[in-house]
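Heads up, the thing below is written out as structure tokens.
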Amino acid sequence: MSLLKSIPKVDKLIQNKAFEHLSVSLVTPLCKEVIKQLREDILNQKVTQFQEEDLITTVLEAYDNITQPSLQTVLNATGVIVHTNLGRSLIDATLFDKVKHIATHYNNLEYDLQQGKRGERYEHISKIICQYLGCEDVLIVNNNASAVFLILNTFAQNKEVIVSRGELVEIGGSFRVPDVMAQSGAVLKEIGTTNKTHLKDYENAITSNSAMLMKVHKSNYSIEGFSSEVAIEEIIRTARTNDLIDYYDMGSGHFVDLPYGLDKDEPSVLKIMQHNPCLLSFSGDKLLGSVQAGIIVGQKKYIEALKKNQLLRMLRVDKLTLALLEESIKSLLLGKIDEIPTLKMLFTPLEVLKQRAMRIQNNIQALCQCEIKETKTVIGGGTTPNKKIPTIALSLAFKGLKPHKIEQLFRAKNVIGRIEEEQFLLDFRTLLEEELPLLETTIKAILHD
Ligand SMILES: *Cc1c(COP(=O)(O)O)cnc(C)c1O
């Protein structure tokens, strides 16, 4: 029992010199916790002796843990451009600087400078998007999942939404079309079969309780072989003839034509807008290459109705989102693809990637086995299912280590690579040119450890 008596009091422990320059309001609960744990451990006979120094060390470690930033930068050497786990799309640094001034100062977010009265938050962005896409109106929400929910909730409560069975998808992070629909209050009317849906399936399903014909981008899977789906322009036409709303959840939306023949199956938002859909929604941070947001474009009367839904207040975006999105779209409109990292990576010629890989190879080949590989990668983020794009990677091997061991060593230094055909690869498709010196130093540090 004397051991219990020797446990220091909290008041005394926090006086320790080691805590002198630290925040008392954080040190105090940590000391309490450490002492409580120690008491339990003594009672359970897990601890039979202790030093006050050990308690101090434990508190200091916990303090560091809490005060270190948890979000850290990593080098993405996976080759997956729209990598949701690694933050999806990057924002260009100069573009971010332009926005910084807005975020750090008062601004006209909801203020009409001409009239001197309350203005509209969404107006700043709608002008430029309408200009670009030739649509009537725009609404921005938190992400595309919110867009889907808001649209279904506004137009289809207790009414039927007709969707192809082949498009009832689940997208990473628990977004399942049937579940979202149920929660929004819409009634799902599935049509067609898993592999084939025809226009007549839509037509036959229409009743007096139908509200909407909805199309969902398959995003992370594709059906090969005996399959067919109905093109969005036919859905739009059928909706119009039957006085229904057409809505396309496009998933990833892009404003420029994609390279490597991806364009054929993945038309841009601009191309779809030529058919004048009622409503179309897509993510801001997939192939658009901007910030997390859900962008809804379409006809004014429908966007007006969405703005009247109380839910919008809960899904509304911050000035930072609007400012970043405005700058990204301006860059796109002006053809400055270099200011959109997602597109810049996608469009970098293979030859340029190869030169970068060779530069690194030259500087490390005396230290390890490394080879340049022409291989393939995916864009990711549920953008272009099952489509591969060419890329250049450096395969690395040293000290007879297995690839998964090498992967761990790199991951411990915040470099995320991938394993392909029993080799550890660093893919240059997703490494920024400015990151290459850091990559090289990191490789050398790992080899010297
Ligand atoms: C990605 C995706 C979503 C979700 O978009 P977030 O911006 O991640 O919320 C919804 N629908 C489809 C078809 C998608 O591909």
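The values are calculated or read from the model by the stated rules, or taken from the named source; none is laboratory data. For clarity, every value in this text was computed on a predicted model and none was experimentally measured. Using ideal geometry, Cβ is built from the backbone for each residue, glycine included, and neighbour counts are taken over all protein chains shown.
When Ile162 is tested against (1) at pLDDT 95 or above; (2) more than 16 Å from the ligand (Cβ to nearest atom); (3) assigned to a helix (DSSP H, G or I), just one condition goes unmet, and that condition is (3).
Quick grid of which residues meet (1) within 12 Å of the ligand (Cβ to nearest atom); (2) out of contact with any Gly (no Cβ under 8 Å at 6 or more places or on another chain); (3) under 20 Å from Ile171 (Cβ atoms); (4) part of a helix (DSSP H, G or I):
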position: Tyr221; (1), (2), (3), (4): yes, yes, yes, no
position: Lys271; (1), (2), (3), (4): no, yes, no, yes
position: Leu280; (1), (2), (3), (4): yes, no, yes, no
position: Lys286; (1), (2), (3), (4): yes, no, yes, no
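Number of residues in region 411-449 that are in a helix (DSSP H, G or I), of a type in the set (A, V, I, L, M, F, W, C) and in contact (Cβ under 8 Å) with a residue 60 or more places away in the chain equals 6.
Would you please name the residue that is surrounded by the most Cβ atoms within 10 Å (Cβ to Cβ), looking only at residues in region 172-194 that are of a type in the set (A, V, I, L, M) and within 25 Å of the chain's Cα centre (by Cα)? It would help to see each step written out before you state the result.
Going through region 172-194, the residues of a type in the set (A, V, I, L, M) turn out to be 177, 180-182, 186-188, 191.
The next check asks that each one be within 25 Å of the chain's Cα centre (by Cα); those that pass are 177, 180-182.
Values: Val177: 20, Val180: 19, Met181: 22, Ala182: 13.
So, considering only residues that are of a type in the set (A, V, I, L, M) and within 25 Å of the chain's Cα centre (by Cα), the one surrounded by the most Cβ atoms within 10 Å (Cβ to Cβ) is Met181.
Summed over region 202-240, residues that are among the acidic types (Asp, Glu) and in contact with a Lys or Arg (Cβ under 9 Å, 6 or more places away or on another chain) total 1.
Look at Ser208 and say whether it is assigned to a loop (DSSP other than H, G, I, E, B) and without any contact (Cβ under 8 Å) to a residue 24 or more places away in the chain. Yes. Applying the condition of being within 15 Å of the ligand (Cβ to nearest atom) and in contact with a Leu (Cβ under 9 Å, 6 or more places away or on another chain) to region 289-310 and asking which residue is nearest to Ile236 (Cα to Cα) yields Val297. Residue-level check: of (1) over 30 Å from Leu436 (Cβ atoms); (2) out of contact with any Phe, Trp or Tyr (no Cβ under 7 Å at 6 or more places or on another chain); (3) in contact (Cβ under 8 Å) with a residue 12 or more places away in the chain, Leu113 misses just (3). Of the residues that sit in region 275-310 and are among the aliphatic types (A, V, I, L, M) and out of contact with any strand residue (DSSP E or B) (no Cβ under 9 Å at 6 or more places or on another chain), which one is nearest to Tyr132 (Cα to Cα)? Applying the filter and picking the extreme gives Val291.
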